[in-house]
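The next block holds one structure in the form of structure tokens; read it before the comments.
What follows is calculated from the coordinates using simple rules that are stated; it is not laboratory data. Every value quoted in this text rests on a predicted model; they were computed, and no experiment measured them. Neighbour counts run over all protein chains shown; Cβ positions are idealised from the backbone, glycine included.
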């Protein structure tokens, strides 16, 4: 394993090899912030998604006095120390999960970043490893990069499906509902969607709900699956990892809970949840997107569609 340690002040920066560290999950709240490629990382985010050979910058900020930070890898990829508390990591060519851990020796806290190297995908392909993908439109809607064909998809295996992508969500929660016995599977997932879901989870906690997670009824959909279920929306946000159909299920019965406490589980509970989403977006407008409330039917209870397309849309 490879470790890069940096001490304050910058002049004391040095490399350290330490076999006593491990790549375990985040064990305590780290008393420092991280920026990924210059953008502040939300504290609840646990993942990043890159293409083979892609470089990402990782910088620690708001360091406590005397902090000694160690960046630990599994030995894969190429790690470079750019400056004090600033690293650059180049992803390996092989798709998969590559954890990076920034470790503070001073108080034993750590931040783990689960970096997923995507498998390349191009317009001539209709499947990856036997998993049906279908075909994306050749250009993004109105030229937008957010709905352009993906250059790669995240490989999901039996081993990594339960890996945390954020504090309260795992990779497997966003899988498409197709080929249940086929492995590996593939998925797309936008970090901004995770941020929105985590802020909603926090808002639910503030409202008195004790939840391990928010149920994702439908996350990513392949173009093949989207067409197979009869959808004609070739630019659905689900196809780009930007959308989730969600409900709150604290009692574990597989359906929406009675959120407004009126004694019934119905569309009014979905509207209650949608109102909370509106409040979350009001606090962070960069997470604006589409939203709609859907009623129950014979197959599912009421739910709410949310996405992070960048503009407010309601239907």
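Summarised as an ellipsoid, the chain has semi-axes of 35, 25, 17 Å, derived from the eigenvalues of the Cα gyration tensor scaled by 5 and square-rooted, with the largest first. The angle separating the long axis of helix 267-283 from the principal Cα axis of greatest extent in the chain is about 40 degrees. Working from label points 7 Å from Cα in the Cα-to-Cβ sense, the residue 228 to residue 90 distance is 3.9 nm.
Note on the chain: with a GNM built from Cα contacts shorter than 10 Å, the maximum mean-square fluctuation among 48, 288, 268 falls on 268. How tilted is helix 191-206 with respect to the longest principal axis of the chain? Cα atoms for both, answer in degrees (0 to 90, nearest 10). Its long axis makes an angle of about 80 degrees. Each of 115, 234 was scored by other Cβ atoms within 10 Å of its Cβ. Listed from fewest to most, they are 234, 115. Rounded to the nearest 0.05, the FRET efficiency derived from the C-beta distance between residue 253 and residue 279 at R0 = 35 Å is 0.85.
Computed on the Cα atoms alone, the convex hull of segment 144-294 gives a volume of 127 cubic angstrom per residue.
When the chain is treated as a Gaussian network with alpha carbon springs shorter than 10 Å, the biggest mean-square fluctuation among 300, 177, 135 belongs to 300.
The alpha-carbon atoms of segment 73-191, seen along their principal axes, cover 50, 34, 25 angstrom, with the largest extent given first.
For the chain, adding -39500 (n - 2.57) for each run of n ≥ 4 DSSP H residues and dividing by the number of residues yields -4000 deg cm²/dmol at 222 nm.
Relative to the compact-globule estimate of 2.2 N^0.38 Å, the Cα radius of gyration of segment 219-304 comes out at 1.20. Here residue 314 and residue 108 are evaluated by their C-beta separation; at R0 = 51 Å the FRET efficiency comes out at 0.65.
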